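Scroll down for the structure; my scribbles are underneath it.
Just so it is clear, none of the values below were taken in a lab; they were calculated from the coordinates. Just so we're clear, the structure is a prediction, and the values are computed from it rather than from any experiment. Neighbour counts run over all protein chains shown; Cβ positions are idealised from the backbone, glycine included.
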Protein chains: 2
Amino acid sequence: MVVAIAMEAEAMPFVEHLGLKLEENFFPNQAPFLAYSGSHNECQITVVTNGKDTVFGTGVDNVGTVPASTATFMTLSKMGKDVDLVINAGTCGGFKAKGAEIGDVFLTTASANHDRRIGIPGFVEYGVGMIQSTNTENLAAAINAKHGICTTSNSLDHNEDDDKLMLSNDASVKDMEAAAIAWSCKLFDTPHFGVKVVTDIVDGDRPSHEEFLENLGSAAKSLQAALPKVIDEVCGKGHVEL
Amino acid sequence: MVVAIAMEAEAMPFVEHLGLKLEENFFPNQAPFLAYSGSHNECQITVVTNGKDTVFGTGVDNVGTVPASTATFMTLSKMGKDVDLVINAGTCGGFKAKGAEIGDVFLTTASANHDRRIGIPGFVEYGVGMIQSTNTENLAAAINAKHGICTTSNSLDHNEDDDKLMLSNDASVKDMEAAAIAWSCKLFDTPHFGVKVVTDIVDGDRPSHEEFLENLGSAAKSLQAALPKVIDEVCGKGHVEL
């Protein structure tokens, strides 16, 4: 299975926990993406991160849909049918109107975009790009996670247009990669879902970036607690059993 | 050289003009992207389009940054150093404040994003993601094109947040792919620029999608007139001569 994690700080504790090793030549050497592989309970696991920005000289994590879709596409293109499942793990904003609280673990039921407004028939639906996740009813019960739709954009904040589309997407959580990872998975017909831990409340009073930075540490811990449980539950099962 | 064109209707007249042939196994068969190759005046030319949407069942062109970056990355990853230049050709919105008129041909001097607002130090610059295009001073003079910065988002329309960032990007034209294509090119250190024909006026009175649909035909003709001239000028020259 592949675990796609945008940010290095989110990925490394999990990589170390599983004792995965960096695969030097997994991606072309021009790619910033990184792959860590190993086995766990008879499961082959590859964690893929989007790596650090070298293009703009910022050195920050390559967040957003462009590196996410590209890294996932490259991974599936290389590994092909060896990938039975893609799990997209990371932090997110949560909607209190949907019962989200900081630290909550959500499994995605679907993903969609809220920053692709293309007001031409056909292109409207393409822009939204709703993709169903693999059913994870049993998994959610087993690890005590919530369920909901993840809405994706390339911005950490959100304006009125975003709010309208996030509502229309019926989103419980908001992130910056899920819909793009789902797009690549869908092209390869690879089962996939997201494990998203809430760092900030989207429909609350505080700016996302403040709350995000404040809660990143505790949410990262929550993610690190949840991810091994997910892996233990998922390992050795077909996606229809999830 | 590679010519990246998002929309099939924009690409096909050019493909037919040059007599390029579809390369059946250029991309993995799960990819929607298409590659047409051939030679022209001793130049090897590959036109890459993003293909049609099969994921959401709309059948429309795969517009936007996600397919654009992925298709370009896959292309450069496959062709490597055989690609001396990537030209991103397509339609765009133009800013009358920057002298843009419908039908104008612009060569990009740089590209940047206006829908990636990430209010955390370092991530701000990453989100904007300004990338310089290859210098095309001689080319612009030779084909009588204008010069300017292209600002990219995944929406055809634009709201107040977009307006602020497009202004701050000092954009002459606005599209939905340039910054993503530039990102993949920059990773491979491949010289690149955009050839963009204006279909609608961004800072005018009419909604983009109305004007876009109305002028797509004439702008497509303008693009078809400009592209062969670009190729004839560029063929056989190093990018430093452009």
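Plainly put, the tip 7 Å out from Cα toward Cβ on A:Asp189 is 4.0 nm from that tip on each other copy, the closest given first.
In this simple spin-label approximation, B:Asn41 and B:Lys78 carry label points 7 Å from Cα along the Cα→Cβ vector, and these lie 2.6 nm apart.
Semi-axes of the equivalent ellipsoid for the protein assembly as shown, computed as √(5λ) from the eigenvalues of its C-alpha gyration tensor and ordered from largest down, come to 37, 25, 19 Å. Label-to-label distance for A:Leu213 and A:His239 is 3.8 nm, based on points extended 7 Å past Cα in the beta-carbon direction.
Quick one: label points 7 angstrom along Cα→Cβ at B:Asp163, distances to the other copies in nm, smallest first? B:Asp163 label point versus its equivalents elsewhere: 1.8 nm. If you sort the three axes of the alpha carbon gyration tensor as a ≥ b ≥ c, you get a/c of 1.5 or more for the range B:154-242 and a/b no higher than b/c, which makes it oblate. When chain A is treated as a Gaussian network with alpha carbon springs shorter than 10 Å, the biggest mean-square fluctuation among A:Gly127, A:Gly59, A:Gly217 belongs to A:Gly59.
Does anything in the range A:153-192 have its amide N under 20 Å from the 7 Å Cα→Cβ label point of B:Asn25, and if so which residues? Under 20 Å, as judged by backbone N against the label point of B:Asn25, lie A:188 of the range A:153-192. In summary, the lysines within cross-link reach of B:Lys98, defined as a Cα separation below 19 angstrom excluding same-chain residues under 8 places away, comprise B:Lys146, B:Lys164, B:Lys174, B:Lys196. Each copy carries a label point for A:Glu23 at 7 Å from Cα toward Cβ; from one copy, the others' points are 2.4 nm away, ordered from shortest.
With helices as the sole contributors, chain B gives -11000 deg cm²/dmol at 222 nm; each DSSP H run of n ≥ 4 counts as -39500 (n - 2.57), and the sum is divided by every residue.
Only Cα sites of chain A enter the Debye sum here, all with the same form factor; the resulting log10 I(q)/I(0) across q = 0.09, 0.12, 0.13, 0.17 1/Å is -0.34, -0.62, -0.73, -1.31, listed in q order. In this structure, A:Asp232 and A:Lys52 have a Cβ-Cβ separation that, at R0 = 45 Å, corresponds to a calculated FRET efficiency of about 0.90. Could you tell me the distance between the Cα centroids of the range B:17-93 and the range B:192-242, to the nearest Å? Taking the Cα centre of the range B:192-242 as reference, the centre of the range B:17-93 is 17 Å away. Pairs with C-alpha atoms separated by more than 22 Å, drawn from the list A:Lys81/B:Lys78; B:Lys21/B:Lys237; B:Lys186/B:Lys229; A:Lys81/B:Lys186, are B:Lys21/B:Lys237; B:Lys186/B:Lys229; A:Lys81/B:Lys186.
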